[in-house]
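Each remark here refers to the structure printed beneath this line.
The values are calculated or read from the model by the stated rules, or taken from the named source; none is laboratory data. What you are looking at is a predicted structure, and each value in this text was computed from that prediction instead of being measured. Ideal geometry is used to build each Cβ from the backbone, glycine not excepted, and the neighbour counts take in all protein chains shown. These area figures cover heavy atoms from the full protein model, side chains too; ligands, DNA and RNA do not enter into them. Shrake-Rupley method; radii C 1.70, N 1.55, O 1.52, S 1.80 Å.
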Amino acid sequence: MPSEIGDEALDFLLASAGLELNPEQKADLKTITESLAAMKARVRQPRGRMAELAHTYGFTEEDLA
Amino acid sequence: MSIPTIAEAAALIAAKKLSPVELTQACLARMTAMDNTLHAFILPTEERALSDAKAAEAAIMKDGPIGKLHGIPIGLKDIVDTAGIPTTCQSKILVDNVPDSDATCAAKLAAAGTVLMGKLTTHEFADGGPSFDLPKPPSRNPWNPEHFTAGSSSGTGAAVAAGMILCGIGTDTGGSIRGPAALCGIAGMKPTYGLVSRAGVAPAAFSLDHIGPMAWTAEDCAIMLQALAGHDPKDPASANRAVPDYSALIGVGLKGVRIGVIRHFHEVDHKVAAATQAGIDNAAATFRSLGAEVVDVTLSPLQDWHACGSLISITERASAYEEWARTRLGDFSERVQRRLMLGALVSGVDYVQAVRRRRELRAELKAAMTNLDIVITAGAPGEAPKMDAIPRWDVFASPGFTMPFNVSGYPAMAICAGFGPAGLPVSVQLVGKPFQEAKVFQVADAFEKATPFRAKRPSMVG
C-alpha cells in the first residue's frame, strides 16, 4: 500500500467496504495511511511461497464425531 | 470491613467466621460510596447480589462451601452474556439487548457459587476508549479519578482495585485484561488461547480474543481461573485438555525457575517511564534473590509484533461488525467508527501476510523460551495517563507491550510492580509457555509476597 492515498482510490475502497463516510472522516482516515503502510511493510518479511499461515484448517475431534 | 483477598475470604467463610451476606453488603457499600465517581458498573445488580449471597450463606451453613469462590462477590464485563440481565456491550446498538442464556464463563462462575454484583463498564464492544459518546460514561481510575483505567476491561480494573468486587471477568484482544490490571494496580491473567471459552462473549477479533480473571492478587487469579478453564464444544477454538491445579505452585518459591527479560521491548523499542523501568529492574532483582536464574532474551522488535496483531485485529473486527458498520456506523462511538473505517484499507493479502508473520513470531518465541520458564517485560509504559491524554488514533501512537502475547497466544499476566511519582501503580508483565499458567502464578505470587505493594489500596477506598 502506498503511504498516501488519493481521493478516488479512497472512495473506491470505502465503497467496496460498504462504508459511507463524511468528508471529515475521510480526511481523518487519510492522516494514518503512512502509519498503516508501515505496519503492512513489517509483516512482509522475506519468506518463500510455501510459508504457511499461523492457523491452518484441520479436522477437530468434534468434526469427526 | 477491610477488603479481603479471595483466598482470605474463602478461608473465613469455610470457618464460618465471615458471612457471604456481610461480605456482599460491604462491597455494595463501597459501590454506593464510590461508583458515582468511578463508573465501574454499567448495571449494578444489587437484588441479585443479595439473593446470591443469601443462597450461598444458606448452602454453606448446611453443607459447607463447594469451593473457594462460594459466596465471593464478582462482576462481569458487559460484553459477557447474562440470561435475563441486559448485556449492552456499552453500545447504543445493543442498549436493549437481554440475552436468554449465560455465556459459558458466566455460567461457570455462577455454578461455583459466586455472588453477581453487576455488569462492568467496558469500551464499546471491547474496543477504543475512553469514549464520552456512549450510553454510559467511561470508568475512572480509583488511584486518581482524573486518570485513565486503560481498557477495555476498564470497569473490572476499577471495581477490583476499589474493593467493590473481589474479582471479575476481563477480556483481552490486545491487552484489555493486562492494561487495566497494570494501570489500576491489580493482577490480571490473559490465559493461553483456547483455555477459557469465548462462547457467549461478544467478539473483538476472533483469533486474538481471550477471556480471563482479574483480581487483587495472582493467587486469587489462580482460584478464579480454576473455575473458568475447561473444554467447551460451543467455542470452536476451545482446547480439549485436562485442567490442572492452578494453585499447585503458589507459595513454592522460585528456586530453579528460569526467567528471561525481553529488555529491548521496554528499553529500546518502546522506552518506558523511569518508575516502570525501576519496577521491572526490582522484579528481576527480587526473582534472583528468591533463587531464580535471570537472563536477557531477544525477540523481533516490539513494532513487528504490534503490526502483526493490529492488522489481524483491524480485519477480524471489521469482519465481525461489517453489517452494522455498513448500516449503523453513526451509532458507534467516534473511536470505534475510526477502528471500523480502517478495515476498508487492509486488503485480504495484507491480512494473510500478517497471519503468516504470526506463525514466524510464534515460532521465534517458542525457540527463545526453550530453556526458560517465564519471560518478562513491561505491562504498560508508565503510570495511568489523564483521561483526556489518549491519542485519537492510539493504535498507531506506540507499540503495546501486551499484543505480542495475543499474537502468540501464550499466557501473560500483569501485576503491580510499585508506584510512580504521581502515586499511581506501575506494572510488570510475566509470560509463560502455553498452558503453563500455574508457573506464571508461582512467579507472580512469589513477587507479590516478597514486596509490599499488595498492602496498599487507593486512598479513596479508605
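Here are a few things to note about the model shown:
- Looking only at residues of the range B:354-372 that are open to solvent by 20 Å² or more (accessible area, probe 1.4 Å) and in a loop (DSSP other than H, G, I, E, B), we find that the one that is farthest from the other protein chains (Cβ to nearest Cβ) is B:ASN371.
- Only one of the listed residues (A:ALA54, A:ALA41, A:ALA37, A:ALA27) is open to solvent by less than 90 Å² (accessible area, probe 1.4 Å), assigned to a helix (DSSP H, G or I) and either modelled with pLDDT under 95 or within 9 Å of chain B (Cβ to nearest Cβ) (or both). That residue is A:ALA41.
- Filtering B:ASP133, B:ASP100 for residues that are among the acidic types (Asp, Glu), more than 20 Å from B:ALA26 (Cα to Cα), surrounded by fewer than 24 Cβ atoms within 10 Å (Cβ to Cβ) and without any contact (Cβ under 8 Å) to a residue 60 or more places away in the chain leaves a single hit, B:ASP100.
- Yes/no for A:ARG49 being under 13 Å from the mean Cα position of the chain (by Cα) and open to solvent by 60 Å² or more (accessible area, probe 1.4 Å): no
- Filter result for the condition that a residue is within 14 Å of chain A (Cβ to nearest Cβ) and at pLDDT 95 or above, over B:GLY279, B:GLY309: B:GLY309
- Set B:LEU23, B:LEU12: member being among the hydrophobic types (A, V, I, L, M, F, W, C) and open to solvent by less than 20 Å² (accessible area, probe 1.4 Å): B:LEU23
For (1) open to solvent by 10 Å² or more (accessible area, probe 1.4 Å); (2) hydroxyl-bearing (Ser, Thr, Tyr); (3) farther than 26 Å from B:ILE85 by Cα, each residue gets a yes or a no:
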site	(1), (2), (3)
B:SER197	no, yes, no
B:MET224	no, no, no
B:PRO244	yes, no, yes
B:ILE250	yes, no, yes
B:GLY260	no, no, yes
B:GLU267	yes, no, yes
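- Condition met for B:ARG317 (more than 30 Å from B:GLY256 (Cα to Cα) and free of Cβ contacts under 8 Å to residues at least 40 places away in the same chain): no
- Inside the range B:194-212, residues that are touching a Ser or Thr at 6+ places or on another chain (Cβ under 7 Å) and among the β-branched types (Val, Ile, Thr) make up a count of 2.
- Matching residues in the range A:5-15 - criterion: being open to solvent by 50 Å² or more (accessible area, probe 1.4 Å) and over 28 Å from B:VAL407 (Cα atoms): A:ASP7, A:GLU8, A:ASP11, A:PHE12, A:ALA15
- Scope the range B:314-353; condition of a type in the set (Gly, Ala, Ser), more than 7 Å from every other protein chain (Cβ to nearest Cβ) and assigned to a helix (DSSP H, G or I); matching residues: B:ALA318, B:SER319, B:ALA320, B:GLY330, B:GLY348
- Qualifying residue in the range B:373-393 (condition: surrounded by 15 or more Cβ atoms within 10 Å (Cβ to Cβ) and within 12 Å of another protein chain (Cβ to nearest Cβ)): yes
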